[in-house]
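Report on one structure; see the data block that follows.
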Amino acid sequence: MYTRCFLSLLLSVFIIPSAMSQNTSARIRHTVVFTLKHEKDSPEEADFINDIKNLAAIPGVEKFEFMKQISKKNNYDYGLSMEFADQKAYDAYNQHPDHVAFVQNRWLKEVKEFMEIDFAIE
């Protein structure tokens, strides 16, 4: 499980941005759905959610949204969505020290499952 999460994260931070470079001027919508290892309504859950919302302060992040799942159609409990002006802004976000630290110190340790989807907005 951790290997799959780490591989997905590695791809999203280093490999996929390079592969997407053919249309570097398109807006990017970065979306992630996830579940936490923490119990619902626990102090640990609240602390994680508070910290993840701080990612909105990283330069280049636009239209940041944190969402809670209300449907039982999937196993994910939370969602994030944010936009970037272009591939360069998205790459800068992925490499920003605050994002890298959050992923290493919180995400990899506390997220049970996730799916990430990044779209070029046409």
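Observations on the structure shown:
- Contact annotation: residue pairs with Cβ atoms under 7 Å, 6 or more positions apart or on different chains, pairing a residue in the stretch 47-58 that is touching a residue at least 12 places away in the same chain (Cβ under 8 Å) with a partner that is surrounded by 14 or more Cβ atoms within 10 Å (Cβ to Cβ) and assigned to a loop (DSSP other than H, G, I, E, B), are 48/38; 55/61; 58/96.
- Strands (runs of 3 or more DSSP E) contained entirely in the stretch 16-122, each with at least 2 residues that are out of contact with any Lys or Arg (no Cβ under 8 Å at 6 or more places or on another chain) and buried (at least 17 other Cβ atoms within 10 Å of the Cβ): 27-36
- Long-range neighbours under 6 Å by Cβ, at least six apart or interchain, first residue closer than 12 Å to residue 55 by Cα and at pLDDT below 95 within the stretch 93-122, second of a type in the set (Lys, Arg) and buried (at least 16 other Cβ atoms within 10 Å of the Cβ): none
- Taking the criterion of being hydrophobic (A, V, I, L, M, F, W, C) and touching a strand residue (DSSP E or B) at 6+ places or on another chain (Cβ under 7 Å), the residues of the stretch 56-72 that qualify are 56, 61, 64, 66, 67.
The values are calculated or read from the model by the stated rules, or taken from the named source; none is laboratory data. Computed from a predicted model, the values in this text were never measured in an experiment. Heads up, the Cβs are rebuilt from the backbone with ideal geometry, glycines too, and the neighbour counts pull from every protein chain shown.
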